Every structure is written in C-alpha cells, then in structure tokens.
C-alpha cells in the first residue's frame with residue numbers, strides 16, 4: 001500500500017496512543033517519550049485489540065487480555081504469557097510466542113505517515 005497519511009502530528013501528544021485503520025490494517029500509533037511507533041493493533045496471539053494495553057517505561061506494550069509484552073520498536077516478544085490465568089497450562093504449552101507487526105513512521109508537513 002505504501003506511505004499513508006493517518007493523523008495530525010498534534011493529535012498524538014507524548015504519552016498517548018491512537019488506533020487508526022489503513023486499508024485493512026488495524027494500527028496503533030504510540031508516542032512514547034517523543035518517539036513515534038506504529039504497531040499492529042491486534043494481539044498476534046488472541047487477535048484482540050491492544051489499544052487498551054499499558055505502555056511500560058521501557059517502551060513495551062502489554063496486552064490487556066493475557067499480559068504478554070511486545071517491544072514497540074522491534075515488535076519482539078519481551079515477556080511471554082501465553083493465556084490469561086485460569087485458561088489452562090496445556091493450551092499455554094502449545095501456544096508459541098509471536099512477534100507483533102511494526103510499521104515505519106515519519107512526520108511530514110505536520111502529519112504522521114505510516115508505511116503499510
């Protein structure tokens with residue numbers, strides 16, 4: 001799809017996040033300490049939205065449903081928790097960690113652009 005203008009840069013203050021859609025991609029924009037990140041807004045394990053997830057001081061997003069954490073910069077799993085407590089250890093053992101998709105961002109002419 002290529003570079004797409006998604007949001008005014010002023011609309012994403014430091015410490016905030018915003019869910020957007022680019023074509024069929026659900027993307028979460030995050031302004032963490034002045035750095036912009038664009039990641040898939042769908043947890044790669046449970047396919048649920050990450051937009052309500054907490055951003056840690058170290059720059060991870062934590063899935064609000066099963067508490068796995070993903071690096072905003074690389075998408076790599078930084079803390080793996082396969083399923084919510086009480087679902088069962090057997091399901092947890094067969095579930096493999098999956099990285100989060102990340103997308104390049106840039107700010108140009110006062111807007112945030114994402115390369116999808």
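We did not get these values from a lab; they are worked out from the coordinates using the rules stated. Just so it is clear, the model here is predicted, and its values are computed rather than measured. Glycine gets a Cβ as well: all are built from the backbone with ideal geometry, and neighbour counts include every protein chain shown.
For this structure, a couple of remarks:
- q = 0.11 Å⁻¹, the chain: log10 I(q)/I(0) [Debye, one scatterer per Cα]: -0.35
- Segment 3-44 shape via C-alpha gyration tensor axes, a/c threshold 1.5: oblate
- By other beta-carbon atoms within 10 Å, ranking 115, 10, 60 with the fewest at the front produces 10, 115, 60.
- Mean ellipticity per residue at 222 nm, deg cm²/dmol - from DSSP H runs of n ≥ 4 across the chain, formula -39500 (n - 2.57): -1000 deg cm²/dmol
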